[in-house]
Amino acid sequence: MKVYLDNAATTPLDPAVLDAMLPMMKKHFGNPSSIHAYGREVRSAIENARKTVARLLHVSPSEIFFTSGGTEANNTAIQCTVRDLGIRHAISSKIEHHNVLHTLEELEKEGKIKLSFVNLDSKGTVDLNHLEELLKDNARTLVSLMHANNEIGNLLPIRKVGEICMKYDAIFHSDTVQTMCHYPFDLQDLNVHFVSCAAHKFHGPKGIGFLYINSKIKIQPFIFGGAQERNMRGGTENVYGIVGLAKAMEIAYEQLDEHTAHIVGLKKYMAEQLQEHIHGVEFNGSLFDNCLYTVLNVSFPPSDISEMLLFNLDISGVAASGGSACSSGSEVGSHVLTALKVNPERPSVRFSFSKYTTKDEIDFAVAKLRELFAVKV
Ligand SMILES: Cc1ncc(COP(=O)(O)O)c(C=O)c1O
């Protein structure tokens, strides 16, 4: 048996998504910028996909810009805000995904912004009072805080942060790559200027995502070269990807409650099984309250298999992902666990679930972990 518990890294394509994409690969090959019939039919597929995304998020289609995924969407939001909106100060957190963190750090290195980090507690929760203090003391600011952390799953109170940003006239960008299509969003009702999406996190294809840009924000293109995406992103569109993204999103929204209940149940079950059968198991981040339901980050007791835990799991047929806290500057561990001062002696494993994960698979993974720890601890 082989068990895939790494759905926060990527998810398998839904066969219905593939079915929606295939005609765009096999038959409708026109360039969407061409004005003849071949082009027009593909253009119409793109615009229908945009309308689907916009309808599900309660925004206007003109606020959705397709990108190559989450990294490009987040880079566009951050770099263009600094370049075009006169922003000289940014607030973020030390546990953001590197696509946000490295972008902000680069802008700071280039002398374009001052970068402040908001305080976090040991579970990764943002200190909202500190956020207000940082906003009070500075000129117009970009706040970039992720909706859910991809390693430990903790959730940002996005509505509250939006209200704080509005109070201080700050630009608010949230990396929603891990939460898009896992929670309903009414973007009109949140004071957020940018959110990002990557379709492969919800059974869509890789290499496609989008950036939502609130219509109040006026930025210049990030990629120059053509008039695509209303002059905002040059380059012939990833037509199959766009069609697949919209289909994956439609399916996710249709079955959101059902899949959420299924995955929440599996997470709870796995947490209980681990606590019952492996002595000394703890969890990184908060387990259920304000935590992304698809992610369970487990901290195992120190043992002589610590170093090889993920490797052993892989050999046993269980795919998960790791990341221990760094114990020295030269080690490359998880910057998230290091920032939260998680004990580097304890190996951490992120298990992440999808609608396709089954209870039998959880039983299999727990049995393998029990074998590993029974022998070695
Ligand atoms: C929170 C978060 N942001 C951004 C990304 C980047 O997305 P992509 O790989 O589609 O560019 C990821 C992917 O792992 C992620 O988890």
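The values are calculated or read from the model by the stated rules, or taken from the named source; none is laboratory data. Quick caveat: nothing in here was measured; it's all calculated off a predicted structure. Cβ: placed from backbone, ideal geometry, glycine included. Neighbour counts: every protein chain shown. The area values use the complete protein model at the heavy-atom level, side chains included, leaving out ligands, DNA and RNA. Shrake-Rupley method; radii C 1.70, N 1.55, O 1.52, S 1.80 Å.
Summary of values
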{"item": "Every pair of residues 6+ apart whose Cβ atoms lie under 9 Å, when the first sits in the range 92-109 and is closer than 20 Å to Asp121 by Cβ and part of a helix (DSSP H, G or I) while the second is away from the ligand (no atom under 13 Å from the Cβ) and open to solvent by 80 Å² or more (accessible area, probe 1.4 Å)", "result": "Leu101/Lys94"}
{"item": "Which numbered condition Val336 misses (of (1) assigned to a helix (DSSP H, G or I); (2) open to solvent by 40 Å² or more (accessible area, probe 1.4 Å); (3) closer than 22 Å to Asn7 by Cα)", "result": "(2)"}
{"item": "Sole residue being farther than 22 Å from Leu120 by Cβ and open to solvent by 50 Å² or more (accessible area, probe 1.4 Å), chosen from Glu272, Glu282, Glu345", "result": "Glu272"}
{"item": "Residue that is surrounded by the fewest Cβ atoms within 10 Å (Cβ to Cβ), among those in the range 54-70 that are part of a helix (DSSP H, G or I) and touching a helix residue (DSSP H, G or I) at 6+ places or on another chain (Cβ under 6 Å)", "result": "Pro61"}
{"item": "Test set (1) open to solvent by less than 50 Å² (accessible area, probe 1.4 Å); (2) over 23 Å from Ala248 (Cα atoms); (3) more than 16 Å from the ligand (Cβ to nearest atom); (4) of a type outside the set (A, V, I, L, M) - Ser93 fails condition number", "result": "(3)"}
{"item": "Test: residue in the range 34-43 that is within 16 Å of the ligand (Cβ to nearest atom), within 28 Å of Lys206 (Cα to Cα), assigned to a helix (DSSP H, G or I) and modelled with pLDDT of 95 or more", "result": "no"}
{"item": "Positions within the range 197-237 being within 12 Å of the ligand (Cβ to nearest atom) and either within 20 Å of Ile87 (Cα to Cα) or open to solvent by 20 Å² or more (accessible area, probe 1.4 Å) (or both), in sequence order", "result": "His200, Lys201, Lys206, Gly207, Leu211"}
{"item": "Extreme residue, nearest to His98 (Cα to Cα), among residues of the range 71-83 that are open to solvent by 10 Å² or more (accessible area, probe 1.4 Å) and near the ligand (Cβ under 8 Å from one of its atoms)", "result": "Thr71"}
{"item": "Single residue of the range 1-15 satisfying the filter (away from the ligand (no atom under 14 Å from the Cβ) and assigned to a strand (DSSP E or B)) that is farthest from the chain's Cα centre (by Cα)", "result": "Val3"}
{"item": "Counted residues, the range 112-128 - those being assigned to a loop (DSSP other than H, G, I, E, B), open to solvent by 70 Å² or more (accessible area, probe 1.4 Å) and within 23 Å of Arg88 (Cα to Cα)", "result": "2"}
{"item": "Asn129 being out of contact with any Leu (no Cβ under 9 Å at 6 or more places or on another chain), more than 16 Å from the ligand (Cβ to nearest atom) and at pLDDT below 95", "result": "no"}
{"item": "Of residues in the range 17-30 being surrounded by 14 or more Cβ atoms within 10 Å (Cβ to Cβ) and touching a residue at least 24 places away in the same chain (Cβ under 8 Å), the one farthest from Gly244 (Cα to Cα)", "result": "His28"}
{"item": "Given (1) open to solvent by 60 Å² or more (accessible area, probe 1.4 Å); (2) free of Cβ contacts under 8 Å to residues at least 24 places away in the same chain, index of the condition Leu287 fails", "result": "(1)"}
{"item": "Scope the range 1-16; condition at pLDDT 95 or above, open to solvent by 50 Å² or more (accessible area, probe 1.4 Å) and closer than 26 Å to Val349 by Cβ; matching residues", "result": "Lys2, Tyr4, Pro12, Leu13"}
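Conditions tested, residue by residue: (1) more than 15 Å from the ligand (Cβ to nearest atom); (2) charged (D, E, K, R).
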| position | (1), (2) |
| --- | --- |
| Asn119 | yes, no |
| Leu134 | yes, no |
| Leu145 | no, no |
| Glu151 | no, yes |
